[in-house]
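The values are calculated or read from the model by the stated rules, or taken from the named source; none is laboratory data. As the structure is a computational prediction, the values presented were derived from the model and not from experiment. Positions of Cβ are generated from backbone atoms using ideal geometry, with glycine treated the same way; all protein chains shown enter the neighbour counts. The protein model used for the area step is the full one, side chains on, heavy atoms only, and it has no ligands, DNA or RNA in it. Shrake-Rupley method; radii C 1.70, N 1.55, O 1.52, S 1.80 Å.
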Amino acid sequence: MVFTQNVCQNLSVSLEKEWLETNGIGGYASSTISGANTRRYHGLLMAATKPPLGRTLLLSKLEERLCLKGKESHLSTNIYPNAIYPEGYRNLVRFSLNPFPTFDYSVNGIPIKKTVFMVHGENTTVILYQVPGWGEWPFAVTLKVRVMIAFRDYHCVTHENSHLKSGYKILTHGVCLQPYDALPPLYLFHNACSTDNTSFWYKNMEYPKEIERGLDAHEDHFSPCALHFDLNAGKDFFVVASVKEYDKIDVLGLFNAEAALRKNTGRAQHAHNHTAPLISSPSQGLDDEEEKKLAELVETLLSAADSFIVRREDDKKSVIAGYHWFGDWGRDTMISLPGLTLVQGRFEDARKILLSYAQYTDQGMIPNRFPDHGEHPEYNTVDASLWFINAVYQYVRFTRDWKTVQRDLYGVLKEIVDYYEKGTRYNIHMETDGLIYAGVDGVQLTWMDAKVGDWVVTPRMGKAVEINALWYNALMIMSFLAHEMNLPDEMIRYDTLAGKTRRSFYDVFWYDEGQYLYDFVDGKIRNSAIRPNQVFAVSLPYSMLSKTQQRKVVEVVKVHLLTPLGLRSLSPKDNDYRGRYHGNPYERDSAYHQGTVWAWLIGPYASAYARAYAGEQETISYIKRLFLPFHAHVSDAGLGTISEILDGDYPHNPRGCISQAWSVGEILRAYFEHVHG
C-alpha cells in the first residue's frame, strides 16, 4: 500500500488516512500519514500496562527538524486552532506500509526514510531513521528530534500541570522519564550525538476527530528534551521508546534498530508465506482485474487479522474488538474467531482464546467485556455465550480436536444450555414454547446495545429473533457434539429441545404480511422493523427456516439494508432511520443502531445468500462481488483494515473505530467458507 506525493501533500486527504501498528498484547502506535495526530488515541507508544488493557499514552510524538546550511526544515505536522504548524507534510513524498508505516521525506535533495514498528510482545516502539547517501554532503546535516509525552489514560487528554515531574534520569544510551509515580517509567534509547535539555509545554494541540465526536479535543504535551543526530556520521539512527529497561543497550549491536526491523519484517513475512496458498480464489464470474483486487483484499485482511489476537496477563489469548478504543469483548471475540484464526490454521490461538473465556464462565454466561483497569468482568450479554457455542463448533470442525472439547469445553457448553433453560442473570430463560426470553428494564443485552443515560435507544426486551436463531443453532450443535462423543441420552435431550424451539420459531417470528421475520416479540408486541438480525436465522450453521422462507428473508434484507460496505441496522423507510452517524455522544448513540452500516454484517449476509441460493450458477460470483468494494475501503480510513461502521446514507463515510475485529474476521470467514468451500 503506497501513497505518493500527490496524496501525502494534500492535507485534507492525508489526515483521513490512519496507520496502526500493534504489539500483540493490546498496545499500539497510530497516527495519520501526514504525521499529525487527529485523535486523542493517536501516539507513538500506547502501552498496554495490564495486557491487553490498561492502555496508557506515554510517547505522543517526535517533532523532527532537518538542519542544514543554517536553515531548518520540518518533517512533522501538528494541528492547532485555526492553524497548521509546522507543515512537515509538504516534505513528505511517499508513505507506504511495507509492511510497517514508512515515511519518505525529501528536503533540498536529502532523502530521509522513517519507519515505525513495535516489538511483538512488548510495549516497545522503534522509530528508525535511514539516510541514503550519507557522507556525500560537503556541509553539516543535523536531525533534531524533540520528544513530546502525555502519560495519561487513552480515553483522556492532559493539560499543563504542576504535578508533572520534569526531570529525568540519564542512561548510557538514553534517558528514563517518570513524570507521575502512579504510571510506569518511559525509557528512551537512542544513538543521538547530543541532547538538548531545554524543556517546555506544547499548548493546545487540536484533534479534529474528537471535535467531530463532540469530545474534549485539545491537549497540552510536555517536552523534556530534544535529541540531535549527526547525519554525516552514519546512515541509521533510532529512537526506541519502551516501558522495559534493557540491561545492556549497545547502539552498535545488542539492541540494533535495523536488526529489530528485520526480525519483525521476518515475522510478518512468515505470516504471509503461511497464508499465501489460501489467497487465490477459484476463477468464476469475475474478470482478471476483479480477481486481482479480491486477492489483494484477502491478503491485506490476513495481515490485519494478526493485530487483533493478543496475549492476556494470564498468558491466555483473547481478541481486541477494535482499535483504537475497544478492549476484548466476548461477543466480538466469538464472532470473529473463525475468520481471524481458523481459516488460517491458527488452531492453537483459537484453542487458547476458547479456554481463556471458558475459565470466566459464570452462571452460564461468558463475559460481555473485560474492563480497562482490571475490574471484574461484565456479563451483560445474552448472545455472547451462544456465539461461544458456535465458535467451539467451528473449532472442532476445523481441528477435529475432540480431546480439548471433551476435556475442557463440553462441560462449559452444557452449563450454558442448562442456565439458559432454567434461567440466569437479567431474566434470561427459556419459556414453555422453547424460545429464549431476555431482558430487564434499563439494560441492553443484545448486540444492538446503544444506551444514552436511562434511554435505551433500541429496546429489544423479550424474544429477539437472532437470540432464538442462535439458541436453536446452539441446541443442534450440542446434539452433534453429543452424538460424536457417543452420549445418546444427551443427544436425545438436545434434539427434543431443538424440536420445540423449531416448531415455535415460525409461529412466533414469521410476519406473514411482510414475508419476513419480526425483530423481537414481547407479549402482544410484534416489532416489524426491518433490521439485519433476521439474517442469522438463515446464515448460522443450523437454520429452522424452509428454503422459501430463507430466500424471502434474504431478499428483504437485500432490498432494504444492503450497501456496498455492509448492512444497515434499520431500513431507510423506517421513521426512526438515521442516515448519518455524527455529533456528540448522544447524537451518535441515537444513530448507532438506527440505520448505521455495520461492515461485519456482510459476512452473515453472504452466508445467508450462499444457503438460500446454493447450487445456482451465479451464487459464487455474486458473493465475490459483495467483497470487492472493501478493496478501496482498506485505503480510505484505517489503512489495511476495515472500519467498525459507516454512514447509512451515501457515500457511506467510515465512522467509529478504524479497525474492527469482526469486520475483518467475518469477511475472511465468509470468503474462505463460500468461495473456497
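Structural remarks
- Candidate aspartates and glutamates - alpha carbon under 17 Å from K61, same-chain residues fewer than 8 apart omitted: E18, E21, E87, D153, E160, D196, E206, E219, D220
- FRET efficiency for W201 and Q617, using Cβ-Cβ distance with R0 set to 56 Å, rounded to 0.05: 0.25
- Against the main long axis of the alpha-carbon atoms of the chain, helix 288-305 sits at an angle near 80°.
- For Rg/Rh (Cα atoms, Kirkwood Rh), calculated from these coordinates, the label among (i) 1.03; (ii) 1.13; (iii) 1.00: (iii)
- Rounded to the nearest 10 degrees, the inclination of helix 547-560 to the longest alpha-carbon principal axis of the chain is 40 degrees.
- Under-18-angstrom lysine pairs by C-alpha in region 308-459, whenever the two are 8 or more apart or on separate chains: 5
- When the helices of the chain are scored as -39500 (n - 2.57) per DSSP H run of n ≥ 4 and the total is divided over every residue, the value at 222 nm lands at -9500 deg cm²/dmol.
- Zone of F398's modelled label, taken as backbone nitrogen in region 456-484 under 13 Å from a point 7 Å along Cα→Cβ: none
- For A83 and I492, the FRET efficiency from 1/(1 + (r/R0)^6), where r spans their Cβ atoms and R0 equals 56 Å, is about 0.15.
- Charge tally around S30: other residues with Cβ under 9 Å, Lys/Arg +1 each, Asp/Glu -1 each, net -1.
- Mean Cα-pair separation over length for region 554-677, i.e. relative contact order, pairs under 8 Å, 6 or more apart, %: 26
- Ranked from largest to smallest solvent-accessible area, with a 1.4 Å probe on the protein heavy atoms, I525, I110 come out as I525, I110.
- For G322, net neighbour charge (Lys/Arg +1, Asp/Glu -1) across residues whose Cβ lies under 10 Å away: -2
- Computed extension gain for A295 through K414, at 0.36 nm per residue and net of the alpha carbon distance, reaches 38.8 nm.
- Full-stretch length increase - N380, C193 - with 0.36 nm per residue and alpha-carbon distance subtracted: 61.8 nm
- For GluC sites (Glu not before Pro), the sites in region 469-543 that DSSP calls loop and that have at most 15 other Cβ atoms within 10 Å are E513.
- Sorting the segments 320-327, 539-546, 650-657 by their residues' average number of neighbouring beta-carbon atoms within 10 angstrom, most packed first, yields 320-327, 539-546, 650-657.
- Residues in region 47-62 that a label on K451 would reach, taking backbone N under 12 Å of a point 7 Å out along Cα→Cβ: none
- 13 Å beta-carbon shell around E484, net charge (K/R +1, D/E -1): +1
- Computed label-point distance, nm, for sites A182 and E122 using a 7 Å Cα→Cβ extension: 2.9
- Sites matching GluC sites (Glu not before Pro) across region 301-390 that sit in DSSP coil, with at most 12 neighbouring C-beta atoms within 10 Å: E375
- Low-density loop cleavage sites - chymotrypsin sites (Phe, Trp or Tyr not before Pro) in region 90-153, where at most 13 other Cβ are within 10 Å (DSSP): F139
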